[in-house]
Amino acid sequence: IYILAIESSCDDTSAAVLRNDKVISNVVSTQKIHEEYGGVVPELASRAHQQNIVPVVHQALLRANIDKKQLSAIAFTRGPGLMGSLLVGTSFAKSLALGLDIPLIDVNHMQAHILAHFIAEEKNTKPEFPFLAMTISGGHTQIVRVNDFFDMEILGETLDDAVGEAFDKSAKILGLPYPGGPLVDKFAQLGNPKKFPFPKPKVDGLNFSFSGLKTSILYFIQRETKTNPNFKEENLNDICASIQYTIINILMDKLKKAVKETGIRRVAIGGGVSANSGIRSALKNAEKKYGWSTYIPKFEYCTDNAAMIGIVGYHKYKQKAFASQDITAKARYIIQ
Ligand code: ATP
Ligand code: FE
């Protein structure tokens, strides 16, 4: 089975080809235009998708070295995401499926961040069901109980900002360009995580909150800058390390709680923030410390990519779970 997958939910245009559960090509075109605005501008994102989608799909087929006539189905991201961005991928996928007269498969982006763990790799073990998945991305922060491929239950989620947003907004306060998450991570690795303690929010159950942290970072920087105008620049590594340390602690506290409440010790992470060095090592440590089995995606499957859409497409194909041609994109789309 050959699946062509298309992802266009935010600011990355991506296409991938899978042979069964193996990725044979995965092309991601990241839109640079948003950097100068300090965040994703939806209007510009849709235009860039429209410009990029045909070349990106063409590249994916070329690198996979297959002809489009060999494709078994087209999978695409239906949501959640920016409506204008989703419309481009959705319309393109529909047209291509119609033209080639092959099935169309709709995919939930947040399910895909989780099911990316089922992409076949040389040496990776796939999680057994049920397992816990913490999806940490630019728009979401959720702890999900995954009972089966398409049977998922949200146990907790953020009440305000997503964790990726917390990274990006902190970076912005520090004067770093968008997206700041990877930069905070880079500087954090050179700093002292205990130099500047930030308060952790008190949130009930398995829910999260990150807006308070952002505010306390802002006030802290404003206060320190009054006495030392170069405070940010002089302490960048330590500030980043302290912010990252606080965020990782918040995430790990809730994960530990989720494991305790459910008795499930198989723990996976997914979404852009799972590329973060701090969360990756915290999770690895938890294997030895608490006896968990942990699942960490390869870097290229953390941030948005079409390969993860393709693996969901493959599993839906096997179930003959096809979409009809009148399907529409969904900006808000709960995983189940
Ligand atoms: P969603 O998946 O919720 O719809 P999205 O698709 O926009 O949102 P992703 O592409 O999954 O989000 O993740 C992007 C986020 O990941 C950004 O906020 C980015 O800063 C963050 N991120 C990426 N790499 C790192 C890193 N190494 N450390 C911290 N954050 C990171
Ligand atoms: Fe995403």
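Being out of contact with any helix residue (DSSP H, G or I) (no Cβ under 8 Å at 6 or more places or on another chain), at pLDDT 95 or above and either under 22 Å from residue 274 (Cβ atoms) or surrounded by fewer than 19 Cβ atoms within 10 Å (Cβ to Cβ) (or both) is the requirement here; does residue 198 meet it? Spell out how you get there, then give the answer.
Details: out of contact with any helix residue (DSSP H, G or I) (no Cβ under 8 Å at 6 or more places or on another chain): no; at pLDDT 95 or above: yes; either under 22 Å from residue 274 (Cβ atoms) or surrounded by fewer than 19 Cβ atoms within 10 Å (Cβ to Cβ) (or both): yes.
No.
Name the residues in segment 155-182 that are within 16 Å of ligand 2 (Cβ to nearest atom) and either at pLDDT 95 or above or not in a loop (DSSP other than H, G, I, E, B) (or both), would you? Can you show your working first?
We begin by selecting, within segment 155-182, every residue within 16 Å of ligand 2 (Cβ to nearest atom); these are 157-158, 161-168, 178-179, 181-182.
Answer for segment 155-182, where residues must be within 16 Å of ligand 2 (Cβ to nearest atom) and either at pLDDT 95 or above or not in a loop (DSSP other than H, G, I, E, B) (or both): 157, 158, 161, 162, 163, 164, 165, 166, 167, 168, 181, 182.
Could you tell me whether any residue of segment 277-296 is in contact (Cβ under 8 Å) with a residue 60 or more places away in the chain and within 16 Å of ligand 2 (Cβ to nearest atom)?
yes
Within segment 259-280, which residues are closer than 27 Å to residue 300 by Cα and small (Gly, Ala, Ser)?
Listed by number, the residues that qualify are 268, 270, 271, 272, 274, 275, 277, 278.
Just name the residue that is nearest to ligand 2 (Cβ to nearest atom) out of those in segment 90-112 that are closer than 12 Å to residue 309 by Cα and touching an Asp or Glu at 6+ places or on another chain (Cβ under 9 Å). Give the steps one after another, and end with the answer.
At the first step, the residues of segment 90-112 found to be closer than 12 Å to residue 309 by Cα are 105-112.
Now restrict to residues that are touching an Asp or Glu at 6+ places or on another chain (Cβ under 9 Å): 107, 109, 112.
Details: 107: 12, 109: 6, 112: 8 Å.
Filtering segment 90-112 for residues that are closer than 12 Å to residue 309 by Cα and touching an Asp or Glu at 6+ places or on another chain (Cβ under 9 Å), the one nearest to ligand 2 (Cβ to nearest atom) comes out as 109.
Could you list, in sequence order, the residues of segment 1-43 that are assigned to a strand (DSSP E or B), within 12 Å of ligand 1 (Cβ to nearest atom) and in contact with a Gly (Cβ under 7 Å, 6 or more places away or on another chain)? Spell out how you get there, then give the answer.
If we filter segment 1-43 for residues that are assigned to a strand (DSSP E or B), which is where we start, we get 2-7, 12-19, 22-30.
With within 12 Å of ligand 1 (Cβ to nearest atom) added as a condition, the list becomes 7, 12, 14, 28, 30.
The one that is assigned to a strand (DSSP E or B), within 12 Å of ligand 1 (Cβ to nearest atom) and in contact with a Gly (Cβ under 7 Å, 6 or more places away or on another chain): 7.
Check off (1) farther than 20 Å from residue 10 by Cβ; (2) part of a helix (DSSP H, G or I); (3) touching a helix residue (DSSP H, G or I) at 6+ places or on another chain (Cβ under 9 Å) for residue 95 and give me the number that stays unchecked.
For residue 95, the failing item is (3).
The values are calculated or read from the model by the stated rules, or taken from the named source; none is laboratory data. Values in this document were obtained by computation on a predicted structure and should not be read as measured data. For neighbour counting, all protein chains shown are included, and Cβ atoms are generated from backbone atoms with ideal geometry for every residue, glycine included.
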